[in-house]
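Right, one structure below, let's go through it.
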Amino acid sequence: MALCLLHLCADGATAYLRTTGAYRASARFGQADAAFSAWLGAHPRMTLRVMADLPDEQFLIDALPILRGQERHQLIERRRSRLFASTPFVGIRPLGRADGRETLLFHALTRPAALQPWLDALRHAGARLDGLHSVADAMAALRPHLPSGAPTCAIAGLTHTGLRLTALVDKHPQWSRLVPATAVTDLSTDLPNICNAARDHLVARRLLHPEHPLPVVLLPGLETFAGALGAGLQAIAPSATELARRCRLPPPGPHTDALPYILYGAGRRGLPQFVPPDRLTARPLRAVDQAILLAGATAAAIGAAVAIKFMADTRALSDTDARLTAEVVATEDRLSRVNAALPPPPAGDPLAATQSLSRLQDARNWPTRLLDRLSDLLEAEPDSELKSVEWQLPPDGPPVAVAEIALPAALADTPPALAARLDRLRAAVISAGYVQASLERVPDELDTTRSVRLRPAPEAQPRVVVRFSPAPPP
């Protein structure tokens, strides 16, 4: 919601809106007439703050008994109506407590006839009134940005309204005068005169020691008259560029005056209020309202952060899903190409073909296993002699091998030794792991179709026959 500063002076009012970091004139009105009401109607959502820049202001310091609550409010109102019966526009500022009494600063705008028509127009138009303030308080709001650190000083500024000087004591205005622009004849004379009047007032109120000079801060537009201030006055002319930087205003032009800085001070919060609270239509938020709004804003920020995090996680999951889907599609494509490159499966029963291949592989390995086993037997019986080996590979049955082994001839004459040798040979044959073997006597005539005779055996040599076949799978 935009804030509009209505700069009210003796010859009319100017509306200023904040754009590009500074307040700029938006409309000018000579009086609170129909044109002003129409302008208010065209900006129903605008909040207005009236800044009174009038010659007549009065300051008064008074001490009251320390009270609290409603009693304090009623006492202050009675005191205000007694001191300033002719004007309702009085700002009250506490200055401190001492010796059981509270010191208050009463600041009154003593020309209500110049203010009332404009406030009535705002009320009839239903405008949002933020408050009524004095230019003296706006100048005091510049105090933190000014180079002077003295507790008592004065600020002088020149605007189209005229020459204004405000004296501050402990950052609070306690004297302010406006020399209208029509009455300004020579600034080299008018400026020292108004500064000396402020110094005399402060000395008379014992707010400034008579032997101490009064520091006078000359706002941009008056720096060339610093040398015109005489004895008892200390001129301080801050740089316009530096002051604009401190106030976060755009760089000043070559012919700037004090108005941009006064408007900046008028836009600050916490200025003394001259309109009764019941007359305000744009009341400031209470502490409870501010807490509720802050809690709502915090909850909204947390909700937004959670939503952003959820969206980010969802997007990450979506990207991961898309990547995995692409990998699955690529894998399926590679598998389809591999399957297309493979030869077609053989016709017939795959199980029968597999079993046939397995039997062929066993038959292929059978001679090697047989010879390995015979080698083991002969190594265990070094005085024995292999006479013949024959094997058969039937197409529809397991392979069979028969080996004839001749024992030493000396065993024929010793039956006990021959029996012991046959028992040992039988035990060795039975222990074959991957073949089945049996031991038997050789008949007189071996009827075989395939035989390998290594050498003829003597008739007296005893002979045995070992029959081999594949062992069944475990």
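The values are calculated or read from the model by the stated rules, or taken from the named source; none is laboratory data. Please read all numbers here as calculations on a predicted model, not as lab measurements. In this analysis, Cβ positions are derived from the backbone assuming ideal geometry, glycine residues included, and neighbour counts consider all displayed protein chains. Heavy atoms of the whole protein, side chains included, go into the accessibility calculation; ligands, DNA and RNA do not. Shrake-Rupley method; radii C 1.70, N 1.55, O 1.52, S 1.80 Å.
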Original post:
Which condition number does Arg206 fail, the rest of (1) surrounded by fewer than 14 Cβ atoms within 10 Å (Cβ to Cβ); (2) basic (Lys, Arg); (3) closer than 27 Å to Leu8 by Cβ being met?
Top reply: (3)
Original post:
Any idea how many residues of the stretch 230-246 are in a loop (DSSP other than H, G, I, E, B) and either of a type in the set (Gly, Ala, Ser) or modelled with pLDDT under 90 (or both)?
Top reply: 5
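Which ones in the stretch 117-164 are more than 30 Å from Phe36 (Cβ to Cβ), in contact with a Leu (Cβ under 8 Å, 6 or more places away or on another chain) and of a type outside the set (Val, Ile, Thr)?
From the stretch 117-164, those more than 30 Å from Phe36 (Cβ to Cβ) are 143-156; that's our starting set.
Filter once more, keeping what is in contact with a Leu (Cβ under 8 Å, 6 or more places away or on another chain): 143, 145-146, 152-156.
Hits for the stretch 117-164 are Arg143, His145, Leu146, Cys153, Ala154, Ala156.
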Original post:
Taking into account only those residues within the stretch 380-392 that are touching a Pro at 6+ places or on another chain (Cβ under 9 Å) and surrounded by fewer than 15 Cβ atoms within 10 Å (Cβ to Cβ), which is nearest to Arg463 (Cα to Cα)?
Top reply: Asp383
Original post:
Just one of the numbered conditions (1) closer than 20 Å to Pro272 by Cα; (2) open to solvent by less than 60 Å² (accessible area, probe 1.4 Å); (3) of a type in the set (S, T, N, Q) is not true of Ser86; which one?
Top reply: (2)
**OP:** Please give the number of the condition Ala432 fails out of (1) at pLDDT 70 or above; (2) in a loop (DSSP other than H, G, I, E, B); (3) surrounded by 13 or more Cβ atoms within 10 Å (Cβ to Cβ); (4) not acidic (Asp, Glu).
**Re:** (1)
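Of all residues in the stretch 118-141, which are farther than 30 Å from Pro192 by Cβ and assigned to a loop (DSSP other than H, G, I, E, B)?
Taking the stretch 118-141 first, the residues farther than 30 Å from Pro192 by Cβ are 118-132.
Of everything in the stretch 118-141, those that are farther than 30 Å from Pro192 by Cβ and assigned to a loop (DSSP other than H, G, I, E, B) turn out to be Ala125, Gly126, Ala127.
From Pro192, Pro144, grab the single residue that is in a helix (DSSP H, G or I), under 45 Å from the mean Cα position of the chain (by Cα) and free of Cβ contacts under 8 Å to residues at least 60 places away in the same chain.
Values: Pro192 fails: under 45 Å from the mean Cα position of the chain (by Cα).
Only one candidate passes the filter, namely Pro144.
Sort out for me the strands (runs of 3 or more DSSP E) sitting completely within the stretch 1-116 that have 2 or more residues that are within 25 Å of Gly265 (Cβ to Cβ), under 46 Å from the mean Cα position of the chain (by Cα) and without any contact (Cβ under 8 Å) to a residue 24 or more places away in the chain. Please lay out each step first, then the result.
Values: elements: 3-9, 12-19, 22-29, 47-52, 57-65, 90-98, 101-109.
Of the strands (runs of 3 or more DSSP E) lying wholly inside the stretch 1-116, those with at least 2 residues that are within 25 Å of Gly265 (Cβ to Cβ), under 46 Å from the mean Cα position of the chain (by Cα) and without any contact (Cβ under 8 Å) to a residue 24 or more places away in the chain span 12-19, 22-29, 90-98.
Considering Gly21, Gly12, which residue is open to solvent by less than 40 Å² (accessible area, probe 1.4 Å) and at pLDDT below 90? Show your work before the answer.
Details: Gly12 fails: at pLDDT below 90.
Just one listed residue meets the conditions, Gly21.
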